[in-house]
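Chemist: Sharing a structure with you now.
The values are calculated or read from the model by the stated rules, or taken from the named source; none is laboratory data. Owing to the predicted nature of the structure, the values given are computational and were not obtained by experimental measurement. Backbone-built Cβ (ideal geometry, glycine too); neighbour counts: all protein chains shown.
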Amino acid sequence: MRGHLQKTIIPMLALMGTSCPSGPDFVSGNAVDVQIRLDVNTRGAEIADTFYGLFFEDINYSADGGIYPELVRNRSFEWKTPDPEPKLRTLIGWTVNYNKAGEGSVEGATASPFSTANPAYVTVSVTKAPYVIANRGFAATPDMVLNPGEDYRFYFYARDKDYSGNIVCALENGDGQTISNEISVTLNSSEWKKYGPFTFSSPSGGKALLVLRCEGTGAFDLDFVSLMPTNTWGNASQWPHGGLRADIVEALKSVKPGFIRFPGGCIVEGAYRHETAYQWKDTIGAPEERRENSNLWGYMMSYGMGFHEYFQLCEDLGAEPVPVLYAGILCQARRDRPTEADYHPGTPEFNALIQDYLDLIEYATGDAGTTWGAKRAANGHPDPFNLKKIGIGNENWGANYWRNFDAIRSAVLAAYPGIKVITTTGPLASGGINDEAWQKINALYKDAIVDEHYYMEPSWFLTNTRRYDSYLRNGVQIFVGEYAAHETSRANSWYAAICEASYMTGLERNADIVKMASYAPLLAREGMFQWAPDMIWFDGGSITNLTPSYHIQRLFSTNTGTVVMPPEKAPKTGDLFHASSLDEQTGVIYTKLVNPFPKAKNVVVSYANADLETEGASVVTISGEKNSRSVSISEDAPSLNNGAITVRLGPYTAAVIQVRLKTGPK
């Protein structure tokens, strides 16, 4: 999380799609609008290593077909609606007999599956060959984006009934032309059998669909059809079930997150039926044995990106895992239709829920001789993961939540007294729900980390930069687990991002109580999303937009010291916003400047009691048009004159000044 942005910003510019204009206008002889005085001998609070992090929720199709690079949509035919009365929609993502050359049928079945975790499969009956079954990926048109020269691993499960003939598998483009090698399979078992893995070697690039061409007649059962790229993030020993999409992980890595919160968000809670709540135990082990689940955002989750992959990703990125588990309270924002009753302490269901918490902690931290530590080792990671915190519920409130929270918290701390427990203040920045939560927390749970969420218009962030100045310093720690500024349409813009940056300076200045912060949502697939203020947008083949909010998060997270350096005067509402910190290991002083206004500001930053290097100072600047979704990034070398740096900060601009102590504080 520490370090110099100038070491990483230049290689990323091409990926970001930014330009490099001339840098800030370094003021000479102009009137000074803002004077920031820092004394190196005046130190504020320590800044947690986990201060800036990421929050991943499977919203906006961000897992399957996104960071989890499975190309087949509905690979095990389990698709069903998340409604109170779920209905199987077995052939979502699939097309049958699209070339109209054959005759036959594809019917959903559940009578005798190869895996009880996923009971649905299809029976294919062919009366006239060739009969084609095809998967188009995650769009209405062929959308499996293939990279030229890359290999793809393919396999499926089948059970022969009375089928005679071959099944020829290939990748085709939208015009029906084969763009890969063909794989011919002969079914040879009346029991469920895995066929493959096979390799489609170096198909030509572009959009494609997967075709299974039945060249014989008769019937067979089909399940779990998978197509994955072989060139992914993660080596085979640590990612035994396949890695993640490399370009997305690289974008996350560039932020240098101190933590990753997972798996949600609303999907933790589920909707209407308890079976739709996120079940971590269903997300580990062989992919075909992971029970797929309805996502309350309107689609199915394969759980291919499960808890083991999450823990491994955290380790790979040097981030602390911050898992959130179900509190037995179904999503309270979705009580518009019949909903099953909340779980209650003392019942078998609630006892099992508590055991899920204890088992997850053992999975992450237990040695290989424990029950769940052994499962972790079997999944490719003999050593424990770095789990220190766990969240109980997401955006829950009311008497039932506090009753359940208290029972779960007591059980967790009794078994694992070193674990930090995270609670919630609900979904709103203020009001009765928030007030009630804080009354409970201040009275009973001062040892908890408190997760606050708010999605507000940009002006709210500007007028609340001092929100945490007045919070009690009574031992409670703050986790801003979800936040975003957005316009009425929920879209984000450069103005929304610059308002977020203004607010983030207030988070840093209050690092004595604010310990973690993560923007939300993180990922969104183009054309398939529920919320729009997302950090990273992608399609089937590439990242399409690293948004202004991404650039702000990256600017802040990669330019934060270990202790706050309080200015002589804190910024006021309507003024230029700023925050400074010192990295006590490297001697680098970071000063963040944010001008969310239409008028430029002349700024002088002076350093008292500091022996500074005369060379190597830098200013990284991000600017953009107010309503734009793109930014310009530049890096410049300012002059250090009489222990001060002077810059002219343009309208709607954020910047970070870096200077280094030569010999440490005087």
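Chemist: Give me a count of the residues in region 608-620 that are out of contact with any helix residue (DSSP H, G or I) (no Cβ under 7 Å at 6 or more places or on another chain) and in contact (Cβ under 8 Å) with a residue 60 or more places away in the chain.
Modeler: Result for region 608-620: 4.
Chemist: Restricting to region 464-511, count the residues that are without any contact (Cβ under 8 Å) to a residue 40 or more places away in the chain, assigned to a loop (DSSP other than H, G, I, E, B) and of a type in the set (Gly, Ala, Ser).
Modeler: Final tally of qualifying residues: 1.
Chemist: In addition: State the number of residues belonging to region 621-655 that are touching a helix residue (DSSP H, G or I) at 6+ places or on another chain (Cβ under 6 Å) and either outside any strand (DSSP E or B) or not charged (D, E, K, R) (or both). It would help to see each step written out before you state the result.
Modeler: If we filter region 621-655 for residues that are touching a helix residue (DSSP H, G or I) at 6+ places or on another chain (Cβ under 6 Å), which is where we start, we get 622, 624, 626, 628, 631, 635, 652, 654.
Pick out the ones that are also either outside any strand (DSSP E or B) or not charged (D, E, K, R) (or both) and you get 622, 624, 626, 628, 631, 652, 654.
The qualifying residues number 7.
Chemist: Restricting attention to region 443-458, report how many residues are free of Cβ contacts under 8 Å to residues at least 60 places away in the same chain, aliphatic (A, V, I, L, M) and in a strand (DSSP E or B).
Modeler: The total comes to 2.
Chemist: Further question on the same structure: Name the pairs whose Cβ atoms lie under 6 Å apart, with the first residue in region 243-271 and closer than 21 Å to residue 427 by Cβ and assigned by TED's automatic domain parsing to the domain that holds residue 379, the second part of a helix (DSSP H, G or I) and among the hydroxyl-bearing types (Ser, Thr, Tyr), and 6 or more positions between them or separate chains?
Modeler: Hits for this filter: 262/310; 270/276.
Chemist: Only one residue in 359, 342 is crowded, with 16+ Cβ neighbours inside 10 Å, assigned to a loop (DSSP other than H, G, I, E, B) and either in contact with a Ser or Thr (Cβ under 8 Å, 6 or more places away or on another chain) or in contact (Cβ under 8 Å) with a residue 24 or more places away in the chain (or both), so which one is that? Reasoning before the result, please.
Modeler: Working: 359 fails: assigned to a loop (DSSP other than H, G, I, E, B).
Exactly one of 359, 342 is crowded, with 16+ Cβ neighbours inside 10 Å, assigned to a loop (DSSP other than H, G, I, E, B) and either in contact with a Ser or Thr (Cβ under 8 Å, 6 or more places away or on another chain) or in contact (Cβ under 8 Å) with a residue 24 or more places away in the chain (or both), namely 342.
Chemist: Looking at region 587-600, can you tell me whether even one residue there is under 30 Å from the mean Cα position of the chain (by Cα), within 21 Å of residue 250 (Cα to Cα), among the aromatic types (Phe, Trp, Tyr) and at pLDDT 95 or above?
Modeler: Within region 587-600, the subset under 30 Å from the mean Cα position of the chain (by Cα) is 588-596.
From the residues that got through so far, the ones that are within 21 Å of residue 250 (Cα to Cα) too are none.
Scanning region 587-600 turns up no residue that is under 30 Å from the mean Cα position of the chain (by Cα), within 21 Å of residue 250 (Cα to Cα), among the aromatic types (Phe, Trp, Tyr) and at pLDDT 95 or above.
Chemist: I need the full set of residues from region 512-532 which are in a loop (DSSP other than H, G, I, E, B), surrounded by 23 or more Cβ atoms within 10 Å (Cβ to Cβ) and among the aliphatic types (A, V, I, L, M), in order please.
Modeler: 520, 522
Chemist: Could I ask something else about it? Test of understanding: among 325, 296, 313, which residue is over 21 Å from residue 385 (Cα atoms) and touching a residue at least 12 places away in the same chain (Cβ under 8 Å)? Break it down into steps so the answer makes sense when it comes.
Modeler: On the way: 325 fails: over 21 Å from residue 385 (Cα atoms); 313 fails: over 21 Å from residue 385 (Cα atoms).
Exactly one residue qualifies, and that residue is 296.
Chemist: While we're on this one: Just the residues that are basic (Lys, Arg) and surrounded by 18 or more Cβ atoms within 10 Å (Cβ to Cβ), please, taken from region 217-264.
Modeler: Here is the first cut: in region 217-264, the residues basic (Lys, Arg) are 245, 253, 256, 261.
Selection gives 245, 256, 261.
Chemist: Moving on to the next point. Name the one entry in 518, 557 that is touching a Gly at 6+ places or on another chain (Cβ under 6 Å), among the small types (Gly, Ala, Ser), at pLDDT 95 or above and within 25 Å of residue 321 (Cβ to Cβ). Before the answer, list the steps.
Modeler: On the way: 557 fails: touching a Gly at 6+ places or on another chain (Cβ under 6 Å).
The conditions single out 518.
Chemist: While we're here: Being closer than 24 Å to residue 397 by Cα and in contact with a Cys (Cβ under 6 Å, 6 or more places away or on another chain) narrows it down to one of 448, 485, so name that one.
Modeler: Details: 448 fails: in contact with a Cys (Cβ under 6 Å, 6 or more places away or on another chain).
Exactly one of 448, 485 is closer than 24 Å to residue 397 by Cα and in contact with a Cys (Cβ under 6 Å, 6 or more places away or on another chain), namely 485.
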